[in-house]
Amino acid sequence: PMVEALGSLLTRSRHRAVEVGLLLHVLAGIFFGMFYTWALMAIGQPGVVMCLFLGVLIGLLHGILFSICLIVIVAESHPLEEFKQASIVVAFVHALAHVIYGALVGFVIGLSGLVHSIS
């Protein structure tokens, strides 16, 4: 549903909403993956556990910010009625997904040794 909600926010209909939403979500995942990598390298704390922890922290902040945007901006102005029903539960699940994403990115960056290469 999140991919369809994102796509239909831009297409203003269900037509091609899944394709548009999926493309945007993948591109955002790549962009934010690069941002998380840059942030972890800038912080410079080597080690898998520390990168995992910092990834979770960045994911939590990212998730809270985007959940607020989801509730306040997207739900109120979405063109399709069914996506105007974003609740606190939807926001919580959305934030949790960002925490998991941050954990995965942090874990992979920690394993990669990228932080070691600049410290």
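The values are calculated or read from the model by the stated rules, or taken from the named source; none is laboratory data. Keep in mind that what you see is a predicted model, and the values were worked out from it rather than measured. For neighbour counting, all protein chains shown are included, and Cβ atoms are generated from backbone atoms with ideal geometry for every residue, glycine included. Accessible surface areas use protein heavy atoms only, side chains included; no ligands, DNA or RNA. Shrake-Rupley method; radii C 1.70, N 1.55, O 1.52, S 1.80 Å.
Consider the stretch 74-109. How many of its residues are surrounded by 15 or more Cβ atoms within 10 Å (Cβ to Cβ) and either more than 12 Å from Leu9 (Cβ to Cβ) or at pLDDT 95 or above (or both)? The qualifying residues number 16.
Would the stretch 55-69 turn up any residue that is among the β-branched types (Val, Ile, Thr), farther than 18 Å from Val3 by Cα, modelled with pLDDT under 95 and loosely packed, with under 15 Cβ neighbours inside 10 Å? Taking every residue of the stretch 55-69 in turn, none turns out to be among the β-branched types (Val, Ile, Thr), farther than 18 Å from Val3 by Cα, modelled with pLDDT under 95 and loosely packed, with under 15 Cβ neighbours inside 10 Å. The combined condition, being aliphatic (A, V, I, L, M), without any contact (Cβ under 8 Å) to a residue 24 or more places away in the chain and touching a Cys at 6+ places or on another chain (Cβ under 9 Å), is fulfilled by Val108. Cβ-Cβ distances below 9 Å connect the following pairs, each with a first residue in the stretch 35-46 that is open to solvent by 70 Å² or more (accessible area, probe 1.4 Å), a second residue that is of a type in the set (S, T, N, Q), and a separation of six or more residues or different chains: Gln45/Ser119.
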